[in-house]
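To start, the structure itself, in structure tokens.
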Amino acid sequence: MHAVSLASPAPHWLSAEQLLPAAASAVHDWLFNEDSLTRRLTELSAGGFSVTPLREGWLTLRDDECAALDVPPGSPGWVREVYLLGNGQPWVFARSVAAKQALQGSGLDLQQLGSRSLGELLFSDQAFTRGRLQACRYPGAWLPAEVVQENLWARRSCFRRGALAVLVAEVFLPDFWPAASR
């Protein structure tokens, strides 16, 4: 487990057009490709994809998350943190959040996901629409202790279904890039 400092300076989440200088083309493709990351990682790992849950529960959302979800700062929400693994290696750290008020009564039970991919669920439900992808260099203080590193590439997008919004952030870990460049 790890402690997330709510006081960590928020990164500047940028659209593909705002990201200057632009990331290398291979990096840019992984940051802004709108296909399911779960499906892409499954293909890249030749079926060796898995999810390892790290923590989940009701927590106070970070200010950048509250802003993206259009809820007041300090709002409570469901937080799910997992590793997305390729052939047993953590390739991506993912943090998904939803405001408590919107999640309750939505019919979506994130507590039941276990080691299943949230992305698989979101992409299979046609009622969800995906917002614009944004990227940043992720603060090391927001990562699990065993993978802390500054300035890793991350992306996020918000999936909406009616009043429910689920914000999904995905941080590409160092072990991912050698596999992606093969």
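The values are calculated or read from the model by the stated rules, or taken from the named source; none is laboratory data. The structure displayed is predicted, hence computed values, not measured ones. FYI the Cβ positions are ideal-geometry reconstructions off the backbone, even for glycines, and counts take in every protein chain you see.
Quick notes
- With respect to being at pLDDT below 95, over 20 Å from Gln18 (Cα atoms), buried (at least 17 other Cβ atoms within 10 Å of the Cβ) and not aromatic (Phe, Trp, Tyr), Leu173 falls outside the description.
- Of the residues making up the stretch 120-134, at least one is touching a helix residue (DSSP H, G or I) at 6+ places or on another chain (Cβ under 7 Å), surrounded by fewer than 20 Cβ atoms within 10 Å (Cβ to Cβ), more than 23 Å from Leu173 (Cα to Cα) and modelled with pLDDT under 95.
- Under the condition of being over 14 Å from Trp91 (Cα atoms) and either out of contact with any Leu (no Cβ under 7 Å at 6 or more places or on another chain) or not hydrophobic (A, V, I, L, M, F, W, C) (or both), the residues counted in the stretch 28-39 number 6.
- Residue check, Gly107 out of contact with any helix residue (DSSP H, G or I) (no Cβ under 8 Å at 6 or more places or on another chain) and either closer than 18 Å to Ala179 by Cα or not hydroxyl-bearing (Ser, Thr, Tyr) (or both): yes
- Enumeration of residues in the stretch 59-82 that are of a type in the set (Ser, Thr, Tyr) and touching a residue at least 40 places away in the same chain (Cβ under 8 Å): Thr60
- Counting only helices (runs of 4 or more DSSP H) that sit wholly inside the stretch 1-85, those with at least 3 residues that are modelled with pLDDT of 90 or more and over 26 Å from Glu146 (Cβ atoms) are 63-69.
- The stretch 40-58 residues that are over 10 Å from Gly88 (Cα atoms), paired with ones that are at pLDDT 95 or above and among the polar types (S, T, N, Q) (beta carbon under 7 Å, 6 or more apart): none
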